[in-house]
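A short write-up of the structure that comes next.
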Amino acid sequence: MSTQIFVNLPVKDLERSKAFFTELGYSFDSRFTDQNAACLVIDDGIYAMLLVEPFFATFTPKEIADAGRTTETIVALGVDSRERVDELADRALRAGGRQTRDPDEEDFMYARSFQDLDGHLWEVVFMDPSAMPG
């Protein structure tokens, strides 16, 4: 049995967020997309539900974090090459995202981080198992 993951993220402007992630090369599943939500397809079984804030609020009694001021989570995407790390991070920056820290490079890992238009933190990581210690 396979497991799927749906990361739910509140957004202020759904159309603007959809345009941002489209610029990164991602698509949306129209079956789960309407005026309140968009199902961002990251990979087979991996999705981010972009929910307008009032709709997101119906799923929790807690206050919605302002991702522009606080960090509620970091969404990390493992990719298959350093080139893919750079491609995604560069596309995010060109689409209006912001770099959150300098690239992180170790013997076995390379990562870059960015904020999307709503301030959510994303990290794109390549890990080379053959170079891992131990």
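Laid out as a table, the results:
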{"read-out": "Between helix 82-94 and the chain: long-axis angle, C-alpha atoms, 0 to 90°, nearest 10", "value": "40 degrees"}
{"read-out": "Simple label model, 7 Å out from Cα along Cβ direction - T22 to I64, nm", "value": "2.2 nm"}
{"read-out": "Cα Rg, Dmax (largest Cα-Cα span) when computed across the chain, Å", "value": "15.5, 49"}
{"read-out": "Per-residue ³J(HN,Hα) for the stretch 38-55, Karplus 6.51 cos²θ - 1.76 cosθ + 1.60, θ = phi - 60°, Hz, x for Gly and Pro", "value": "9, 8, 6, 8, 8, 6, 4, x, 10, 9, 10, 8, 8, 10, 4, 3, x, 6"}
{"read-out": "DSSP bridge orientation in the stretch 5-131 - percent antiparallel, rounded to nearest 5", "value": "65 percent"}
{"read-out": "Contact order normalised by residue count of the stretch 5-131, Cα under 8 Å, 6+ apart, percent", "value": "24 percent"}
{"read-out": "Net dipole in debye of the chain [+1 Lys, Arg Cβ; -1 Asp, Glu Cβ; about Cα centre; nearest 20]", "value": "420 debye"}
{"read-out": "Neighbour cut-off at most 13 other Cβ (10 Å), DSSP loop, trypsin sites (Lys or Arg not before Pro), the stretch 55-105", "value": "K62, R69"}
{"read-out": "Degrees separating the helix 14-23 axis from the principal Cα axis of the chain, which is the longest one", "value": "20 degrees"}
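Values quoted throughout were computed directly from the atomic coordinates according to the rules given, and no laboratory measurement underlies them. All of these numbers come straight from a predicted model, not from anything done at the bench. Counting neighbours? That spans all protein chains shown, and the Cβs are built from the backbone with ideal geometry, glycine included.
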